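To start, the structure itself, in structure tokens.
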Amino acid sequence: MGDWLSDLFSNPAITDRLPEATLETLLMVGWSALLAAVGGLPLGLWLHTTGPGGLRPRRSVNALLSLVVNVGRSLPFIILAIALIPFTRSVTGSALGWQAAVVPLTVGAIPFFARLVESAVREVPAGKVEAAQLAGASRAQILTGVLVRESLPGLVSGFTVTVIALVSYSAMAGAIGAGGLGFLAISYGYNRFQSDVMIVCVIVIVLLVQLLQTAGDLIARAVDHR
Amino acid sequence: MTDGIVLTGLRKVYPLRGGDVVALDGIDLRVPRGAIHGIVGESGAGKSTLVRCVTALERPTSGTVLVDGEAVDAAGERDLRRVRRRIGMVFQQVNLFDARTAAENIAYPLRIAKVPAARRRERVAELLDLVGLAGRGGSYPAQLSGGQKQRVGIARALAADPSVLLCDEPTSALDAATTRQILALIRDVRDRVGVTVLIITHEMSVVREVCDSVSLLDRGRIVEHGPIGEVVGRHGTRLARELIPLPVTADSTTVEAAFAVEHTGEVFRAIGGIDGVAVAAGTVETLGGVRVGRLRLDVAPDRRAAALAALRQAGLHVTVAPGEEAA
């Protein structure tokens, strides 16, 4: 038992690379989550607004948006990341490293979060929108003051789900040179048969997900007055 | 300029694949300023469509809607937002914003109308007081009872000083005691603020309790209407019978009879003189300033024809269940 532990702490893959890899994962997930929120929230609201029963139904716009979102969501992330390599290179100057991984992660997460936004906003009863309309509110006022505000708990839960999906995507991104915990697990744990590295990576990822979920739940509850 | 609500030739047709559905079929209605008008009818009669046309949440197929002389149905989007500020709406499901406190809910229309914050606070306090919730402004809707929520809903509807208050089944989700309180509040608000009130309801008790006048809506048409006193004085009509309900009796050999209360003495002397007739149930009520009596009478089957004729002769308005008259 003692030997196993001291082995663990003398393995440079763990002592040197693990903190670095964890930080890379956090940066990758953090930046892409932020960008996914910035892109996914308006896209989700646009989907809802143009949809049937929305504030401004536009059948053709909605169909097009829906198609784009569905294509984005139907590609397995690893395929999406590979397909985007030329684009990624043109944006970040390289296809390697965590900075490069932010590009496919964001592109993958935006449609994912947009759908979650759409379904959260759809839960707001039509009567509340009507009450706002009758108060003379404009569409923009209804969008922010009623739809977003009333669905905030759902939006927070959806964002938590998105961030956790990003953690798992980021591990996949590791397979194609993004760095982070996924890369560490694959290059040492799998390619060099160091199963202790694999196990430690898995534990860190599980802890990270637990932490994110707990934080998400706490925030969702804090903004929920229902 | 005409104050209040004026509907002229209002029609609403929903084109559906299986044929058009006519929800409103030529509604003419005038509710003068400061009146409380009830619109009753069974579900599907078109009540909600009617109120939605007044708010322009629904565009009428044809006809006009005037609120204080201003056309609601023809208004463009910008005008509509302005006209709508003259309309306060109270919903059955209340539709408060859950993410906002009671005070913030009431302040919402004021915020939209860009009322300065200081004035807003003042007005909110005033309205909380008006609806009997002073001090509860900081509560979220989830922390309020059904009746309190509806009070907040009424305060929100009144916030921007509308001239018209539309109530769509305002008490249908409430218990009997709370219903009475909310209706008293609506009347009180009318008395103090002078708003014109249109109440949509399927409950006759709501009409009895607060309305000055009433319309009966049936399949998209107004089939009966008038001031309450006048309506109950028209013996035997559907509204008159439903507004003054008789106690339930088990007997199937009964007929219903209505009479003007001034004639009570003669009516009872006459009934006493008719063979085979006995009073099974009765009620005398004053509604809209008019006193009306209604009786349910047991009539012996073998003397039915003679008894009915004698009752009518005595000045009673006799109603027989459909199809029984011939028997």
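The values are calculated or read from the model by the stated rules, or taken from the named source; none is laboratory data. Since we're looking at a predicted model, the values are computed, not measured. Cβ atoms come from the backbone with ideal geometry, glycine included; neighbour counts cover every protein chain shown. Side chains included, ligands, DNA and RNA excluded: accessible areas come from the protein's heavy atoms. Shrake-Rupley method; radii C 1.70, N 1.55, O 1.52, S 1.80 Å.
Worth a mention:
- Residue-wise HN-Hα coupling along region A:73-88, computed from phi with Karplus coefficients 6.51, -1.76, 1.60 (Hz; x: Gly, Pro): 7, 7, 6, x, 4, 4, 5, 4, 4, 5, 4, 8, 3, x, 5, 4
- Extent along principal axes [Cα atoms of chain B; Å; largest to smallest]: 76, 48, 38
- Look at where the Cα atoms of region B:1-33 and of region B:204-219 average out, and the two centres are 18 Å apart.
- For residues of B:140-150, the mean tally of beta carbons on other chains within 10 Å: 1
- Helix-only CD estimate at 222 nm, as mean residue ellipticity for the protein assembly as shown, using -39500 (n - 2.57) per DSSP H run (n ≥ 4): -16000 deg cm²/dmol
- Residue-normalised accessible area of region B:3-231, expressed per residue, 1.4 Å probe, Å²: 41 Å²
- Label-point gap, in nm, between A:Ala215 and A:Ser138 - each point 7 angstrom along Cα→Cβ: 3.6 nm
- From largest to smallest, the equivalent ellipsoid semi-axes obtained for region B:244-320 from the alpha-carbon gyration tensor read 20, 15, 9 Å.
- Mean separation of Cα contacts under 8 Å, 6 or more apart, over the residue count of chain B: relative contact order %: 18 percent
- For the protein assembly as shown, carbon and sulfur atoms together expose 58% of the accessible surface, with a 1.4 angstrom probe and every protein chain in place.
- For the peptides A:65-77, B:228-240, the ranking by packing is B:228-240, A:65-77, with the highest mean count of neighbouring Cβ atoms within 10 Å listed first.
- Label-to-label distance for B:Ala300 and B:Val22 is 5.0 nm, based on points extended 7 Å past Cα in the beta-carbon direction.
- Given R0 = 51 Å, the distance between the Cβ atoms of A:Val223 and B:Thr286 translates into a calculated FRET efficiency of 0.45.
- The length gained by stretching the chain between B:Arg269 and B:Arg30 to full extension, at 0.36 nm per residue less their Cα-Cα distance, is 81.8 nm.
- Legend: mean number of C-beta atoms from other chains within 10 angstrom of residue C-beta atoms, peptide B:103-112, equals 3.
- From the alpha carbon centroid of region B:147-196 to that of region B:35-102 is 15 Å.
- Using the alpha carbons alone, the radius of gyration of the protein assembly as shown stands to its Kirkwood radius in an Rg to Rh ratio of 1.19.
- Packing rank of B:22-34, B:271-283, where each peptide gets the mean count of other beta carbons within 10 Å, highest leading: B:22-34, B:271-283
- Under 12 Å from the Cα of B:Lys149 - aspartates and glutamates, other chains or at least 8 residues apart: B:Asp98
- Rg to Rh quotient for chain A, alpha carbon positions, Kirkwood Rh: 1.08
- Separation of the B:Ala278 and B:Ala177 label points, Cα + 7 Å toward Cβ, nm: 3.9 nm
- Qualifying chymotrypsin sites (Phe, Trp or Tyr not before Pro) in region A:177-226, where qualification requires a DSSP coil assignment and no more than 16 other C-beta atoms within 10 Å, comprise A:Phe193.
- Cα centroid separation, region A:191-226 to region A:99-155 (Å): 26 Å
- DSSP-defined beta bridges in chain B - what % are antiparallel, rounded to 5: 70 percent
- Number of partner chain Cβ atoms within 10 Å, mean per residue of A:56-69: 0
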